[in-house]
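Take a look at the structure below.
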Amino acid sequence: MNKNSLYFKDNFFSSGRTEVFNSLKEKVGELDLNSAFSSSIDVIEGDGKKIISGRFGFFSNKWRISDGSGQEIGILKQKLTFLAKKYEYNAYTRGIYTIEAEVFSRQYEVLDEQSNQVAKFEKVNGFFASPSYQLTNIDEKLSSAELIAVVMGVNAIQKRRKNNGAAAGSAGN
C-alpha cells in the first residue's frame, strides 16, 4: 500500500469485505470486516495476503493489532478527555502515538511522541451512510495497513461506547 491517500469504509452491519482505494481510485487492497458479532478486521493486500489484523481483546476495550503472522504489534486504547476525542496507540518498541480530534470534528491527527504529525484521517461519509475514511500517511513511521487497523480500531471503540451508552440508557426505562 502506498503513501497517497487511501479510502476505505465500514459496512452497515460491520461484516464482509470492502475495498481499499488510492487517490487515483485504484483498488490497492481489501478490508475484511470478518463478522458483525466479533468486531475484528483484517487488512488484505491486492494479492490476497492478510498483512494486518485488529480485534478487541477478551473482555477488553483495548484494540489489539497483529501482523500477518498473528504477532501482536500494538494496542489502541481510548484516553479519557472532556473537550476532545483522544486515543493512544502503543506500537511497542516503535513508539507511542496519540490520535486526537476536537470534540465535534471528523478530522483526526496521528502524532508521534514529539508531537509531529505522522498521519491524518477523516470521516468522509454522509450522515446515514456507513463510516468511510480518507487516510493520509505522512511519514511512513507506521505502515498504511497498520494505520487502517488503527482507524478501524478508533471506529470500533466509538461504536462500542455508543452501543454501551444506548444499552445503559434503555436499561433505565
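Remark on residue 40: its backbone amide H falls under 5 Å from those of 35, a criterion applied only to residues 5 or more positions apart or on other chains, H modelled at 1.01 Å from N. Panel order for 28, 154, 110, by other beta carbons found within 10 Å of each beta carbon, from fewest to most: 28, 154, 110. Dividing the convex hull volume of the alpha carbon atoms of region 16-60 by its residue count gives 76 Å³ per residue.
Using the alpha-carbon positions of the chain, Rg (one decimal) and Dmax (whole number) come out as 15.4, 51 Å. Computed extension length for residue 106-residue 86: 6.0 nm, one decimal, from 0.36 nm per residue of separation with the Cα-Cα distance subtracted.
Work out the count of Lys pairs in region 16-121 where the Cα-Cα distance is under 27 Å, with the pair 8 or more places apart or on different chains. The number of close lysine pairs in region 16-121 is 23. Restricted to Cα atoms, region 43-133 shows a radius of gyration and a Dmax of 14.6, 43 angstrom. For residue 56, nonlocal amide neighbours, meaning residues 5 or more places apart or on other chains whose placed amide H falls under 5 Å from its own, are 64. Computed 3J(HN,Hα) for region 43-50, one whole-Hz value per residue from the Karplus formula 6.51 cos²θ - 1.76 cosθ + 1.60 where θ = phi - 60°, is 9, 10, 5, x, 7, x, 8, 6, glycine and proline marked x.
None of the figures in this text is laboratory data; all of them are computed from the coordinates on show. Everything numeric in this text was worked out from a predicted model, so none of it was measured. So basically every Cβ, Gly included, is an ideal-geometry build from the backbone, and we count neighbours across all protein chains shown.
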